[in-house]
Amino acid sequence: MTGFKHEPVLVGEVLAALKPQAGGRYLDGTVGGGGHAARILAASAPDGFLVGLDQDGMAIKAAGERLGAEFAGRFELHRVNFAAAREVVAAGSCDGALLDLGVSSPQLDRAERGFSFQADGPLDMRQDQRQPVTAAAIVNGWGAEELARIFWELGGERDSRRLARAIERERAFRKIETTRQLAELIERESPRGGRKAHPATKIFMALRMEVNDELPKLAAGLEACWSALKPGGVLAVITFHSLEDRMVKDFGRNLARDYEVPGEVDVPELRVPKTPVAKWPKGKAILPSDAELKANPRARSAQLRVIEKLN
Ligand SMILES: C[S@@+](CC[C@H](N)C(=O)[O-])C[C@H]1O[C@@H](n2cnc3c(N)ncnc32)[C@H](O)[C@@H]1O
């Protein structure tokens, strides 16, 4: 066994949204350790079928072991980016699709993956280890202006310029190759003071999002998962970052609108009528219950949005 331990979030809420049924076909674009997938397969017994995708080879192996033990013959797994879901899932073939974004607990917990400032490891952060660009390549290769831009835009780091310049100075002296080196540099430049969060939290998040091209892949992934759905199918997306949530919200709103906005600005007089192709069964984001927040700290910033394809 791979020892892949990840507590899935918002499980009851995801099942309530997807309503898995016998004979149904489901797409899990972020299968991870198979936590949500197992629940979807159990709820769609005896013959519901699930296609699971993940870009991380370790996740695909763990999901295969977990699901294979209980649901052999009722699932298939592909190591692909969900942005490329169209390559493995036929258009209009699924009753439900799930994206549970971000990192898995094992990705964070294994020092050698380089996602965490809590443990020392190579500055890597690739979810798909077949891709060439690592966090070290960005930290040591990009100009201070570019680094500051991603620290601010993706991490919301207010000290982005100063920290980027500190990185530039440090790497002129020696390359920054480990998570500890980077975390200690940020901590020296930006002491923790009374703050609860580690001062490198936002820098690490921004780097992870850049290394894995997360926002552009999400835009493509939403389109790909949407096209995989049958009429009446449901797309459920769990986000952990406000920029991701905004993308999902805008995506759903555009589909559910009865007009197009020609151009950049929405001028009501210029709107062009169109037939809505989606509805929001719940307009607002669904948040974890207090009990879940207590039991699973990873659920803290999770938000679920659900979009239904109209017939
Ligand atoms: C939060 S975990 C999912 C956990 C899963 N729902 C479970 O219950 O075990 C997110 C997973 O999505 C994968 N992932 C993130 N972005 C991806 C993308 N663009 N394409 C494919 N997999 C992605 C990560 O490798 C990780 O395994």
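The values are calculated or read from the model by the stated rules, or taken from the named source; none is laboratory data. These numbers come from a predicted model, not from an experiment. We place every Cβ from the backbone using ideal geometry, glycine too, and count neighbours over all the protein chains shown. These accessible areas exclude ligands, DNA and RNA; they are computed on the full protein's heavy atoms, side chains included. Shrake-Rupley method; radii C 1.70, N 1.55, O 1.52, S 1.80 Å.
Table: residues versus (1) in contact (Cβ under 8 Å) with a residue 24 or more places away in the chain; (2) of a type in the set (D, E, K, R).
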residue: Arg74; (1), (2): yes, yes
residue: Ala85; (1), (2): yes, no
residue: Ala90; (1), (2): yes, no
residue: Leu99; (1), (2): yes, no
residue: Ser105; (1), (2): yes, no
residue: Phe117; (1), (2): yes, no
residue: Arg149; (1), (2): no, yes
residue: Leu154; (1), (2): yes, no
>> Residues to consider are Leu10, Leu27, Leu50, Leu15; find the one that is within 14 Å of the ligand (Cβ to nearest atom), buried (at least 22 other Cβ atoms within 10 Å of the Cβ) and either more than 17 Å from the chain's Cα centre (by Cα) or small (Gly, Ala, Ser) (or both).
In response: Leu50
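Quick one: count up the residues across segment 259-294 that are in a helix (DSSP H, G or I) and closer than 19 Å to Leu15 by Cα.
4
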> Across segment 53-67, what is the number of residues that are more than 10 Å from the ligand (Cβ to nearest atom) and open to solvent by 30 Å² or more (accessible area, probe 1.4 Å)?
Replying inline: 2
> So which of Leu182, Leu163 is under 30 Å from Lys5 (Cα atoms) and either in contact (Cβ under 8 Å) with a residue 24 or more places away in the chain or away from the ligand (no atom under 16 Å from the Cβ) (or both)?
Replying inline: Leu182
> Before we move on, is Ala62 within 20 Å of the chain's Cα centre (by Cα) and under 22 Å from Asn296 (Cα atoms)?
Replying inline: yes
> Of these, Gln118, Gln127, which one is modelled with pLDDT under 95 and closer than 30 Å to Leu53 by Cβ?
Replying inline: Gln118
> Of Ala206, Ala197, Ala166, which residue is surrounded by 20 or more Cβ atoms within 10 Å (Cβ to Cβ) and either over 30 Å from Ile238 (Cβ atoms) or of a type in the set (A, V, I, L, M, F, W, C) (or both)?
Replying inline: Ala206
>> Go through segment 213-257 and report how many residues are farther than 21 Å from Leu287 by Cβ, within 16 Å of the ligand (Cβ to nearest atom) and open to solvent by less than 10 Å² (accessible area, probe 1.4 Å).
In response: 4
